[in-house]
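Just below is one structure, and these are the notes that go with it.
The values are calculated or read from the model by the stated rules, or taken from the named source; none is laboratory data. Please read these numbers as outputs of a predicted model, since none were measured by experiment. Glycine also receives a Cβ, built like all others from the backbone with ideal geometry; neighbour counts cover every protein chain displayed.
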Amino acid sequence: MSRDLSLLSTMVYPGRFIILGRDETGEQGIVVYGITGRSPLSQARKLELIGDRIMTKPTDQDVLKKGNPELLIYPAIIFSRGIAVSNGSQTPSIDEQLGKTAEPKRILSRALRNWDYEPDPPIFTPRIGGCLLSSFEAALGIVRRGEDGSSQKTVFDFVLSPGQGKMISTYSGKNEDPLRPFSSRPLELTVVQGTAKDLAEAVYKALEPKNGGQDLRVAVACVFSRSLRKEASGIFIINRVSRMTKSHGQSG
């Protein structure tokens, strides 16, 4: 059963997450990429539109020098023959597969074939990724660490209906130690917001801290696209570090 963004509100700490969807009119594809973080390293970032991609960028170079830049700075969303999205350096691998086949599950399976979970012990953060095609066919996948240390890869494909969204995150949603990886099928959401700005604001609002808890929000980027190419997209980005927003194009 599909649910609205109240489901996201129950997730105190989803880590990084991806929502793939289709607007209520059925005319536009939707991609949302969100970042939450507990550590200064995770929070010292922002999302920025640069050319044909949305990048994670540092807000404090000194803080980032203490971590692994490869895990913190990467293209989160790339626009080309469709839209590729992920929580790490695997996004270009997904983009490279776009156009080679019209099957999103095959695209994502091939793209994640040579990737393992992130080398950040003791958490071993899962790698998540997705792709959205102009046919509104899409796929979401995750690479988790198995009990024996192996990489367990799961990919889900689906055709999006108007007003429908699918979500995957790196963690289960609880702020706990040790963090548990996301382990279910993609969660179903109802997408009723009519523009990239409206949906970005709604997602950001859903992630606000509850009962005086710590604000773990870092950034949210939302893309509405008729052709699934940047030049025809509505893009809206929210960065908590400055609560600065950037709007691009028209959506709806």
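Whenever a residue of region 91-106 is closer than 19 Å to P126 by Cβ and small (G, A, S), its partners that are at pLDDT 95 or above and not in a loop (DSSP other than H, G, I, E, B), lying with C-beta atoms within less than 8 angstrom and at least six residues away or across chains, give the pairs S93/A111; S93/L112. Note on region 145-194: among residues that are assigned to a loop (DSSP other than H, G, I, E, B) and in contact with a Lys or Arg (Cβ under 6 Å, 6 or more places away or on another chain), the one that is nearest to L108 (Cα to Cα) is P186. Which pairs have Cβ atoms under 6 Å, sit 6 or more apart or on different chains, and link a residue in region 12-28 that is under 26 Å from Q43 (Cα atoms) to one that is outside any strand (DSSP E or B) and of a type in the set (S, T, Y)? Sorted first by the residue in region 12-28, then by its partner, the pairs are G15/T170; R16/T170.
Rundown of residues vs (1) buried (at least 20 other Cβ atoms within 10 Å of the Cβ); (2) among the small types (G, A, S), yes/no style:
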residue: G149; (1), (2): no, yes
residue: D157; (1), (2): no, no
residue: Y171; (1), (2): yes, no
residue: E208; (1), (2): no, no
residue: Q214; (1), (2): no, no
residue: A221; (1), (2): yes, yes
residue: S225; (1), (2): yes, yes
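Among all residues of region 85-105, there is at least one that is more than 16 Å from I128 (Cβ to Cβ), out of contact with any strand residue (DSSP E or B) (no Cβ under 8 Å at 6 or more places or on another chain) and among the β-branched types (V, I, T). For region 111-127, a residue qualifies if it is assigned to a helix (DSSP H, G or I) and either more than 29 Å from K100 (Cα to Cα) or touching a Ser or Thr at 6+ places or on another chain (Cβ under 7 Å) (or both), and exactly one does: A111. One residue stands out in region 91-150 among those that are within 18 Å of the chain's Cα centre (by Cα) and of a type in the set (G, A, S): the one that is nearest to S225 (Cα to Cα), namely A138. What number goes with the only condition from (1) closer than 26 Å to Q164 by Cβ; (2) more than 14 Å from the chain's Cα centre (by Cα); (3) aliphatic (A, V, I, L, M) that L64 does not pass? Just one mismatch for L64, condition (1). Scanning region 195-229 for residues that are of a type in the set (D, E) and outside any loop (DSSP other than H, G, I, E, B), we see that the one that is nearest to E24 (Cα to Cα) is D198.
Applying the criterion of being modelled with pLDDT of 95 or more and out of contact with any helix residue (DSSP H, G or I) (no Cβ under 6 Å at 6 or more places or on another chain) to the residues of region 120-132, the residue that is surrounded by the fewest Cβ atoms within 10 Å (Cβ to Cβ) is F124. Criterion applied to L41, L49 was being of a type in the set (A, V, I, L, M, F, W, C), within 24 Å of S242 (Cβ to Cβ), touching a strand residue (DSSP E or B) at 6+ places or on another chain (Cβ under 9 Å) and surrounded by fewer than 23 Cβ atoms within 10 Å (Cβ to Cβ), and the one residue passing it is L49.
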